[in-house]
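Here the structure comes first, spelled out in structure tokens, and everything after it is commentary.
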Amino acid sequence: MRAAIRAVVICSIVVITLFCAVGSVRGVKRHPVAAQFFASAMLLVFGFFTPIPEPPQQGVEEAREDKDMKGSESGDPPAV
């Protein structure tokens with residue numbers, strides 16, 4: 001019984017979501033303010049769910065080595 005209720009609730013949520021998506025696209029086509037609101041909402045949603053990329057470790061270590069390096073690659077003192 002619980003599985004049936006759960007399936008009905010999930011299907012209802014999917015149908016309501018699709019209905020809202022179609023309605024919002026129609027509203028965006030008619031009104032520029034709705035388009036701005038829809039774009040802001042989508043950026044907000046995608047901003048919450050996108051993972052933050054980690055910087056590549058090799059690039060970070062190379063930058064540290066370049067920063068610490070005083071002379072040339074061979075170890076010669078810097079030219080004046």
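The values are calculated or read from the model by the stated rules, or taken from the named source; none is laboratory data. For clarity, every value in this text was computed on a predicted model and none was experimentally measured. Cβ: placed from backbone, ideal geometry, glycine included. Neighbour counts: every protein chain shown.
Numbers below:
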item	result
Filter pass, Ile10 being surrounded by 10 or more Cβ atoms within 10 Å (Cβ to Cβ) and either at pLDDT 75 or above or outside any helix (DSSP H, G or I) (or both)	yes
Failed item in (1) in contact with a helix residue (DSSP H, G or I) (Cβ under 9 Å, 6 or more places away or on another chain); (2) modelled with pLDDT of 75 or more, with Gly27 passing the rest	(2)
Any chance Ala34 is touching a Gly at 6+ places or on another chain (Cβ under 6 Å) and modelled with pLDDT under 75	yes
